[in-house]
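Have a look at the structure below before the remarks.
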Amino acid sequence: MDRTMDSWLHFGKGDYLLFETWTPSSNGAIAGASIAIFAFGILDRSLAALRRSREDHWRTRTLALLSKLPTRTLSSSTPDHAKSEGAGESVEEVPASDSSHDVKTVSRPTLRSIPPFIPSHDIPRGIIHAIQTAFSYILMLIVMTFNAAYIIPVILGLGVGEVLFGRIARGANTHMMH
């Protein structure tokens with residue numbers, strides 16, 4: 001079948017939907033495809049919520065792991081380039097009485113600009129991101145059919161999915177408690 005794609009917004013039967021073999025050509029087939037596309041849009045937003053909640057969990061676990069690491073105190077013999085690498089900084093606490101025998105040195109860790117690589121966090125993060133990217137491209141290809149019977153369910157599915165899952169793991173202070 002030598003078929004050209006309509007490059008304008010239209011409602012119609014017989015447009016290819018992702019694969020040459022998936023060509024809904026009846027009203028029932030178009031309705032079924034639209035329901036599947038709607039559900040796929042909701043699934044996309046649920047995956048985004050899963051990723052956000054896992055990110056929060058991984059961030060908490062990473063901070064807990066980093067807080068258990070011993071802090072290093074930098075002495076005056078430490079070279080300046082080592083002090084700037086984020087190992088920690090040494091701070092002197094001087095009490096208000098100004099007596100020199102009460103001075104103590106305390107180690108204060110500096111924050112890392114990049115979290116450490118933790119395979120149990122970063123590999124699943126990469127897999128979830130790859131799946132999210134695939135979902136986004138599939139939805140984009142559906143929209144590129146220019147068939148409004150497919151575009152509307154994409155938009156509605158993403159909107160309903162955001163209503164259902166958008167509030168999950170947006171941060172501690174996103175919604176106020178009543």
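Remarks
- Probe 1.4 Å - accessible area at Ser7, Å² to nearest ten: 80
- With 0.36 nm allotted per residue and the present C-alpha distance subtracted, the Glu20-Thr133 stretch has 38.5 nm of extension available.
- For the range 124-172, radius of gyration divided by Kirkwood radius, i.e. Rg to Rh on alpha-carbons: 1.07
The values are calculated or read from the model by the stated rules, or taken from the named source; none is laboratory data. Just so you know, these numbers come straight off a predicted model, no measurement behind them. Note: accessible area is taken over every heavy atom of the protein model, side chains too, but ligands, DNA and RNA are not part of it. Shrake-Rupley method; radii C 1.70, N 1.55, O 1.52, S 1.80 Å.
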